[in-house]
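What follows is a single structure, written as structure tokens, with notes after it.
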Amino acid sequence: MEMKKKELIRCGVFLVLLALVFQLLTTIYIPKWYGTWQSTRIVDGFYELPENRVDVVLLGSSQTIMGLSPMELYRQCGIAAYSFGTEEQPLYATYYWLREILRTQKPSVAVLDVNELLHTSGEAAYRKAFDYMKWSRVKWEAVKNHCDRAEDLSLLSYVLPLTNYHSRWDALEAEDFTYLISDKQDPCLGFVAANGTCDFAYAGTPPSPDEEPDPADEEAYCYLLEIIHLCEEENISLLLIKTPRAGWNAGKHNLVAGLAEEYQLPFVDFNDPKLMEAMDFDYARDARDASHLNIYGAEKLGSWLGNYLKEQYDLPSRWEDPDYAYLKELLPLYEMQSQNAKLSTCIEFTDWLEHLEERYTLFFAVNGSPALKRLPEEVLEQLRALGMGTDIVTSGADYGAILQDRQVLAWQAGLGIPELFGTLEDQTSYKLSLIRGENEESGGSASISLANEEFATEGEGIHVVVYDRGLRQVVDAILVDAEEPGLFVHR
Amino acid sequence: MALTSFSFLCFFTITAGIYYVIPRRFQWMLLLAASLVFYYVSGGWAVLCFLLYGIVITYLAGLTLERVKEGSKRKGLLTGIFVILTLIPLFLLKYVRFFGLSAPFGALAPLGISFYTMSILGYVIDVSWGILPAQRNPFRHALFAAYFPQMTSGPITRYSQMAGQLFAPHAFSYEQIAFGAQRILWGFFKKLVISERLAMAVNLVYDQYPVYQGWYLVVATVCFAFQLYTDFSGCMDIVLGVSQIFGISLPENFTCPYFSRSISEYWRRWHITLGAWFKDYLFYPLQKSGLFIAYLDWSKKRFGKKRGKKLPLYTGMLILWFSVGMWHGGSWNFIVGSGLLHWFYIVSGELFTPLWKRLIALLRINTEVFSWHFFQGLRTFFLVNLGFVFFRAPSLRTALSMLASMGRVFNPRILFDGSLCRLLKPQDWVLAIFSLLILLLVSVLQQRIRIRETLAVQNLAFRWSLYLLLFAAVLIFGCYGGDYDAAAFIYQRF
């Protein structure tokens, strides 16, 4: 009997080990969507929030991710919010995510960007929405109903994601292994501070009430109604919005406006030219592409929306509320992200130099050229302010330097192949070198690597890599061609 | 329900759990119920009916034949009738098209019909020969016929092997559970990591062989040899492991067949139970039959004593190998690839034996050394692979065309210039080769030691680390489930 008990315990322990191995592999193999859209971070960040500390939820897809900044709402108006978009998030998923949010939060307002009302999303969008959702009745219902709709959808792959992602074994990256121990808190509360600008000269979509409404996606329409009903049941005020988008048109507007009227919901269309003018919104400057805003656009939208929400919904300010102290703690981190995004949005060198922060460590690698002698005084002044020895820069020689706190940490100048290497205070290794071309035509180049990862932009000129010591990451890598009029920044 | 499916794992786990909780005298009933449920879930009512038909016919056959006088003509006739009745479903479902008739049941292919038909047919013949008493309990007979672990891929069992185990009570044994689980895990490794991976390359070449000619076909055929072996033997490992967990030992079906040094040895190591069944129930009875005895007499008179003995033997073997080929599939490529070609190998090997012996003596070849044994192994592997071309090809004509291509198109450079990466990604090739090396190591060890027993006495940490590593390897490197396509996740809508 004793033997049997021992054997049973051994069996049990082994099965537990098997389960642990399985779970560990699952955690490693699920893709970490930390790229441009940060879907994983957004979901994980939500679960790090303290309970019942969100007054406003921002719902939608990638346009919400980059267009609606909860920290802007807090910074400007003291509103406690969380932005809940994932890439191409179908309204089906938004509905279930709202139910999931309501398990731990009690928002009084839900702001929904209606972009997905007009689109059919692929399976990848559902996976990004659901893979990181914690298991509960909500998730079970969401994935079960989703998989019941098509024979080729595998419920098992949602229940045991490893069966879907195990073939990633040859594409694993460092973040797959460090995910388990990484900090899941999101200082931007579901927002991605986007950089970049676009060439679209989009001045908005003037109202055209006679325009035939565009057709809605059937599933999306159905689940928008579910969201509306859920908000009614939970006593949540639902606000429909549309962030500025170059692809918007009157037909789409009229679809949403009609629906809003039918269900007596407010609808704020930021594509309205009057509204864009009121926000001083310039699409070419404030958007990164045809659909998504950059940090400047998000700040403007956040400012307008924050005031609107305060006026319309009488939301309390949480600046001095000790229960919402977490927002105050996250604000500096958000501001750093915001500054980094603004830096990497600059397109002119002088503007770029203006946006450099004290906490940056700058790695300069300058390919010597006669054009350096003709750099504007304004630029030289800015470089001197950073601690750069501009006499050397304008001498036309190859030059490498590492600047921090307005001082030169290390430098090397002269013909040949200057090479600098070492370790920063936070143990990040760096290596900087310049190569002069074999002849005039082949041109020089540079190599700037941190922690064995190469960052220098290809080409000849002034290479700069910016390392943010606060966030411990490279935030920008540029090349300025001294011979190009206008001194534009290339990435 | 595939053996490597999640649903089978759940089904088996639940069955095994209940098996050791219920009173032992009900265990065989649980296995019967589980077997019928398994069959129904796998194929539905229609295919279950075929199984039930086979069970009923052979049950009645046993009872009837036991009562008939031994050696009487009536017994022979009745045995023949029952054999035909038992074979009818198999004929209608698998072989009717071979004889140019239309298939009455369309594309219906009941799970494992080729396997269980052989088992229950063997039972009928054993009872007819007086080797076994008939099973009077219809439910016990049903369990023998329908025992679910062996339904999908065999092995082909004999009633005498199974009866004592199937109906006996089985106490919980940690060792049996552990050994069974280890065997299942090893089977999964062979099937999912090796077989399914190689299948990707094989299918690509064989399905598009006009594009992939010459040495592509050579490579694909060799890959197929390992794909088939790891698939079939992997399934056997799972089947035997599952059965061991129930406390029931099934006969081995593979003992490192690619270590064989002759075709005869190969068939003593490959699909052992099939070869044994045809030998015991077809070949030997045929050789001892009145017809063949008369044939032998005539042959001896015609060709002399020595040569005369060979003709009926070779004729019997021809019938045997034709049947083996037919069993694999009702088309000529199977009959040739798994049957007649091997008959040709064995017969020509025997006929040319004096010549080989003289050649070996002339060249002073030492036949007791590793190099000679290695050559024999390679030669056997080559001959088997020729058969696999027929086995894998969709038709006889295509197989011949492929063989012609292998001889005509000389492009061994594909082995070195990266062309093979068209068949599999480099990582998959590395993984496949590495896994095959592990398989080779284990196979070599199996010839010398009993691996599971040897592992069982090692330290706990070592054993468990090995098992968990194998488990992780199957999970990560196994080809199953969805295939993650990173490109599909790239957000492209702007």
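Listed values, structure above:
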quantity: Among beta bridges that DSSP assigns inside the protein assembly as shown, antiparallel share in %, nearest 5; calculated: 70 percent
quantity: Three-way shape call for chain A based on the alpha-carbon gyration tensor, with the a/c threshold at 1.5; calculated: oblate
quantity: Amide H within-cut-off set for A:Arg53, under 5 Å, with H built and near neighbours excluded; calculated: A:Lys106
quantity: Base-10 log of normalised Debye intensity for chain B (one unit scatterer per alpha-carbon) at q = 0.10, 0.11, 0.13 Å⁻¹; calculated: -0.91, -1.10, -1.47
quantity: Carbon plus sulfur fraction of accessible area for chain A, probe 1.4 Å, in percent; calculated: 50 percent
quantity: Restraint check, B:Lys279/B:Lys309; A:Lys184/A:Lys328; A:Lys252/A:Lys310; A:Lys106/A:Lys139, Cα-Cα greater than 22 Å; calculated: A:Lys252/A:Lys310
quantity: Ordering of A:260-273, B:403-416 by packing [mean C-beta count within 10 Å, highest first]; calculated: A:260-273, B:403-416
quantity: Length gained when the stretch A:Lys5-A:Glu173 is fully extended (0.36 nm per residue, less Cα-Cα span); calculated: 56.2 nm
quantity: Amide N proximity, the stretch A:380-398 versus A:Lys373 label position 7 Å along Cα-to-Cβ, cut-off under 18 Å; calculated: A:380, A:390-398
quantity: Using a Förster distance of 25 Å, the FRET efficiency for B:Ser289-B:Tyr314 (Cβ separation, nearest 0.05); calculated: 0.95
quantity: Overall Cα dimensions of the protein assembly as shown - principal axes, largest extent first, Å; calculated: 118, 74, 67
quantity: Projected label distance in nm at B:Tyr53 and A:Glu425, using a 7 Å step from Cα toward the beta-carbon; calculated: 8.5 nm
quantity: Rounded percent of accessible protein surface that carbon and sulfur make up, the stretch B:6-172, 1.4 Å probe; calculated: 70 percent
quantity: Solvent exposure of the stretch A:289-433 as accessible area per residue, Å², 1.4 Å probe; calculated: 45 Å²
quantity: Cut-off 18 Å (backbone N to label point 7 Å along Cα→Cβ of B:Thr367), residues of the stretch B:236-260; calculated: B:260
quantity: Inter-chain Cβ neighbour average for residues A:154-167, partner chain, 10 Å; calculated: 4
quantity: Using a Förster distance of 60 Å, the FRET efficiency for A:Lys328-B:Ala2 (Cβ separation, nearest 0.05); calculated: 0.60
quantity: Scaled radius of gyration (Cα, divided by 2.2 N^0.38 Å) that the stretch B:253-357 gives; calculated: 1.14
quantity: Accessible surface, per residue, of the stretch B:6-172 when the full set of protein chains is kept, probe 1.4 Å, Å²; calculated: 45 Å²
quantity: Accessible area per residue in Å² at 1.4 Å probe, computed on the stretch A:1-141; calculated: 34 Å²
quantity: Set of aspartates and glutamates with alpha-carbon distance to B:Lys191 below 19 Å, sequence-local pairs under 8 removed; calculated: B:Asp231, B:Asp237, B:Glu252, B:Asp428, B:Asp483
quantity: Ranked by how many other beta carbons lie within 10 Å on average, peptides B:227-238, B:64-75, B:375-386 from highest; calculated: B:227-238, B:375-386, B:64-75
quantity: Computed E for A:Ala150/A:Cys222 - FRET, C-beta separation, R0 25 angstrom, nearest 0.05; calculated: 0.95
quantity: Flagged links, alpha-carbon separation over 26 Å, of A:Lys5/A:Lys134; B:Lys69/B:Lys288; A:Lys32/A:Lys134; calculated: A:Lys5/A:Lys134
quantity: A:Val159 paired with A:His119, simple spin-label distance in nm, labels 7 Å along Cα-to-beta-carbon; calculated: 3.1 nm
quantity: Cα gyration tensor shape of the stretch B:388-432, rounded if a/c is under 1.5, else prolate or oblate by comparing a/b with b/c; calculated: oblate
quantity: Additional length obtainable on full extension of the chain from A:Lys274 to A:Glu311, 0.36 nm per residue less Cα span; calculated: 11.4 nm
quantity: Threshold 30 Å² - residues in the stretch B:1-46 whose accessible area is reduced by that much or more when the chain is no longer isolated, probe 1.4 Å; calculated: B:Phe6
quantity: Inter-site label distance for A:Val408 and B:Ile451 at 7 Å from Cα along Cβ, in nm; calculated: 6.6 nm
quantity: Cβ neighbours within 10 Å from other chains - mean over A:14-25; calculated: 3
quantity: Chains A and B together, accessible area buried on both sides, 1.4 angstrom probe, square angstrom; calculated: 3100 Å²
quantity: Neighbour cut-off at most 16 other Cβ (10 Å), DSSP loop, trypsin sites (Lys or Arg not before Pro), the stretch A:1-105; calculated: A:Arg103
quantity: Heavy-atom accessible surface of the stretch B:178-477: percent carbon and sulfur, 1.4 Å; calculated: 68 percent
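The values are calculated or read from the model by the stated rules, or taken from the named source; none is laboratory data. On a predicted model such as this, the values are computed, not experimentally measured, just so you know. Backbone-built Cβ (ideal geometry, glycine too); neighbour counts: all protein chains shown. Ligands, DNA and RNA are stripped out before the accessible areas are found, and what is left, the full protein with its side chains, is counted by its heavy atoms. Shrake-Rupley method; radii C 1.70, N 1.55, O 1.52, S 1.80 Å.
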